[in-house]
1. Once the Cβ-Cβ distance between residue 193 and residue 116 is put in as r, and R0 is 41 Å, what FRET efficiency do you end up with, to the nearest 0.05?
2. Report the extension gain between residue 240 and residue 186 in nm, rounded to one decimal, defined as 0.36 nm multiplied by the number of residues separating them, less their alpha carbon distance.
3. Multiplying the sequence separation of residue 208 and residue 109 by 0.36 nm and subtracting their Cα-Cα distance, what value in nm do you get?
4. Projected area of the range 148-254, taken from the Cα convex hull and averaged over every viewing direction, in nm²?
5. Between residue 219 and residue 158, what length comes free when the chain is fully extended (0.36 nm per residue of separation minus the Cα-Cα distance, one decimal in nm)?
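Rule-based calculations on the coordinates, nothing more; no lab input. Source: prediction; values computed, not measured. Here Cβ is always computed from backbone atoms with ideal geometry, including for glycine, and neighbour counts include all displayed protein chains.
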């Protein structure tokens with residue numbers, strides 16, 4: 001059995017691959033890709049996989065763009081961080097949507113459903129209208145985002161409003177929020193979790209170790225390797241986008 005895993009986070013991909021290995025007693029072949037480009041190259045060069053497990057947000061854009069560029073005849077289990085109410089509305093045609101972080105029992109249940117609904121020789125076409133409807137539902141979702149963090153200091157517990165965070169930095173196994181006064185505060189969350197907690201209209205992960213608040217951008221300059229240097233208000237710090245993130249960051253800026 002051939003399975004394609006589209007997931008840009010290494011730890012999340014490793015978890016999915018581990019769960020697949022636990023579930024299947026037969027030999028399976030798993031291909032892991034991190035981007036729309038890699039996924040398209042794989043699908044163009046290989047026979048359709050028996051099953052696809054797909055994150056929605058990949059390194060270079062949404063997975064939907066991949067499925068619109070290439071006709072998909074494989075059942076797909078989507079993985080996403082959106083709330084369960086939204087996900088249940090799209091439990092159709094045997095395609096499941098799993099809430100991240102993925103629980104063992106949730107993935108195993110989705111795999112059970114796959115085997116009940118799909119015979120090995122059959123295929124299910126991913127409907128273009130379904131993609132469009134799901135994208136619209138995602139954009140219309142009234143998800144509540146984090147408004148503040150509690151910060152523990154030696155002198156007590158303080159509140160840090162997300163609106164006062166200029167950027168978030170992962171450094172030496174710790175994650176810090178840098179506030180509008182350029183002070184660092186430890187956050188007890190992973191970067192991937194913070195991406196889901198923070199309002200995507202305001203915050204963007206420009207590289208693996210930094211998430212930026214758009215309201216604190218002073219100016220930007222081109223940098224080698226298809227990157228951007230971002231100067232923050234106050235003139236004390238500058239950040240750099242990673243090459244794979246730059247195109248998505250430019251599009252994100254244009255949406256504001």
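1. Once rounded, the FRET efficiency stands at 0.80.
2. 17.3 nm
3. 32.5 nm
4. Computed as one quarter of the Cα hull surface, the answer is 6.9 nm².
5. Gain on extension, residue 219 to residue 158, equals 18.9 nm.
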